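Inspection log for the structure reproduced underneath, given as structure tokens.
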Amino acid sequence: MYEVLSHFTLRKINFVKTRTTILNSVKHLLEHEDFGDITVDEICQKAQISRGTFFNYFSTKEHIFNYFLRIFTIKLTLKMHKWDENESFKSKLDQIYTWFKEEREYPKFLDSYSSFLLTVGEEANEMKLTDAEFVFFFPEIKESDYEMYNNLTFQKIFEGICEIARAKHEIKFVASKEELGNIVSGILVASHTTDHLNNEVNHLDIFYKILL
């Protein structure tokens, strides 16, 4: 599993192993508890590490979610790079939403996304991937692009998508690119939430009527 890291120092390899172990421990705990109810002690017990070790890797429990979000944002961005230049705005959002719903490895983390936006905000996400973590998770990314990917946020991604759509006259709603980015984030989160309440309705199509 960690063979791709063989050319890194043992310290860097252990750093990746411990952070991913903690992340996966929380994933398993989320099968029975909400993220807000999970304690650091539970995480340490599941990961078989001490509290001191935990805080060497994550300043707070919430930083584990920040770490997941960094990984997930990069994962989505790599998928977006495969889009055709003629891909429509609606098709792009449909695909992003599908990727949200198809997240199988850490599905429960996405349920905390709206809370994260309200309490922390993406710009405050200080969790960055190390060079060894990039090689482990995303070996296809060039080292020269690490900084760019480490600074990506959903907000920036959505702003870019909206700017392209506005230039192509696909968006009728008048707002700044920042506000459009916020609206798109809200639409995706609201659709994800309402689909949990009633999965017989395509809520994303309903929200499109407001924006387009």
Given [x] 270; [y] 117; [z] 135, the label whose value is volume of the Cα convex hull per residue in Å³ derived from this model:
[z]
Compute the helix-to-body angle for 89-102: its Cα long axis versus the longest principal axis of the chain, expressed 0 to 90° and rounded to tens.
30 degrees
With every protein chain present, what accessible area does Tyr208 have (1.4 Å probe, heavy atoms only), rounded to the nearest 10 Å²?
10 Å²
Solvent-accessible area of His63 with every protein chain in place, 1.4 Å probe, in Å² to the nearest 10
30 Å²
Carbon and sulfur atoms account, in whole percent of the 1.4 Å probe accessible area of the chain, for 52 percent
Net charge within 10 Å of Lys90 by Cβ-Cβ distance, Lys/Arg positive one each and Asp/Glu negative one each, not counting Lys90 itself?
-3
Å² per residue, accessible surface of the chain at 1.4 Å:
54 Å²
With label points set 7 Å from each Cα along the Cα-to-Cβ direction at Lys101 and His28, the distance between them in nm comes to 3.1 nm
Give the calculated FRET efficiency between Trp83 and Asp131 to the nearest 0.05, with a Förster radius of 25 Å applied to their Cβ-Cβ distance.
0.35
Under the helix-only model (-39500 (n - 2.57) for each DSSP H run of 4 or more, divided by the residues of the chain), the mean residue ellipticity at 222 nm, to 500 deg cm²/dmol, is -19500 deg cm²/dmol
May I ask you to derive the FRET efficiency for Ser50 and Glu3 from their Cβ-Cβ distance with R0 = 25 Å, giving the value to the nearest 0.05?
0.35
Are any of the pairs Lys92/Lys172; Lys61/Lys128; Lys61/Lys101 more than 22 Å apart by Cα-Cα distance, and if so, which?
Lys61/Lys101
Sorted by accessible area (1.4 Å probe), largest first, how do Arg51, Arg19, Arg11 line up?
Arg11, Arg51, Arg19
Cβ-Cβ FRET estimate between Val174 and Ser59, R0 fixed at 35 Å, reported to 0.05
0.30
Using a 7 Å offset from Cα along Cα-Cβ at Thr194, what residues in the range 67-106 end up with backbone N under 17 Å from the label point?
93-94, 97-98, 101
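The values are calculated or read from the model by the stated rules, or taken from the named source; none is laboratory data. These numbers were taken from a predicted model, which means no experiment stands behind them. Here the Cβ is made from the backbone with ideal geometry for all residues, glycine too, and neighbour counts use every protein chain on show. These accessible areas exclude ligands, DNA and RNA; they are computed on the full protein's heavy atoms, side chains included. Shrake-Rupley method; radii C 1.70, N 1.55, O 1.52, S 1.80 Å.
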